Amino acid sequence: MKAVIQRVIGAKLRIDSHIHSQFDGVGLLVLLGVSVFDTEENIDKDIEWLVNKLVKLRIFRDENQQMNRSLLDVNGSIMVVSQFTLFASTKRGNRPSFTNSARSEIAMPIYEKFIKKLEHKIQQKVATGIFGADMQLDFVNDGPVTVVIDTLHKE
């Protein structure tokens, strides 16, 4: 899995011009991609690792304006949106290839399992999109702070 994590002040997700989910205040917007390398053998461990990393990632400001607080520390909200394009390959030509992105029948259960694990960990509802839908996102990237995490390399 690959996650693009953005520290945001509010996020709103629209589908067909209607607001599907949103939150106000500080939080994280997470774009989550599932790859063909995310297998049954490693997925539970990788989900656990990524959820723990997300909620403990110290990217929120403290009273000294230093990034020393986590999502849990600031009682922030979180939105997770599926994004198969995170595994795009642009190695050949100008049209991206998505052969490293997991097919929807594999990726969707992993995405849903990830969200359930995250909700359990933070004890609150996670704002989401609809897997495979055409979505529009409005958000304010705070900082800007953007971090990319890849479970395959644990970085």
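Rule-based calculations on the coordinates, nothing more; no lab input. Everything numeric in this text was worked out from a predicted model, so none of it was measured. For neighbour counting, all protein chains shown are included, and Cβ atoms are generated from backbone atoms with ideal geometry for every residue, glycine included.
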Self-check item: Charge sum, other residues only, whose C-beta stays under 9 Å from Gln136's C-beta, Lys/Arg counted +1 and Asp/Glu -1
Solution: 0
Exercise. Using the Kirkwood radius over Cα pairs, work out the Stokes-Einstein diffusion coefficient for the chain at 20 °C and 1.002 mPa s, in µm²/s as a whole number.
Key: 134
Self-check item: Those lysines that a straight Cα-Cα span of less than 25 Å connects to Lys45, excepting residues fewer than 8 apart in one chain
Solution: Lys2, Lys53, Lys56, Lys113, Lys116, Lys117, Lys121, Lys125, Lys154
Practice problem: Consider a paramagnetic label point 7 Å from the Cα of Glu112 along Cα→Cβ; state which residues of the stretch 66-104 have an amide N under 18 Å from it. | Solution: 80-84, 102-104
Quiz prompt | Length-normalised contact order for the chain - Cα pairs under 8 Å, 6+ apart - percent | solution = 37
Quiz prompt | Size of electric dipole in the stretch 2-150: Cβ of Lys, Arg +1 and of Asp, Glu -1, about Cα centre, debye, nearest 20 | solution = 280
Quiz item: Put +1 on the Cβ of each Lys and Arg and -1 on the Cβ of each Asp and Glu in the chain; which of Val26, Asn52, Thr85 then has its Cα farthest toward the positive end of the dipole?
Solution: Thr85
Quiz prompt | Expected 222 nm ellipticity per residue - DSSP helices of 4 or more, -39500 (n - 2.57), all of the chain, to 500 | solution = -7500 deg cm²/dmol
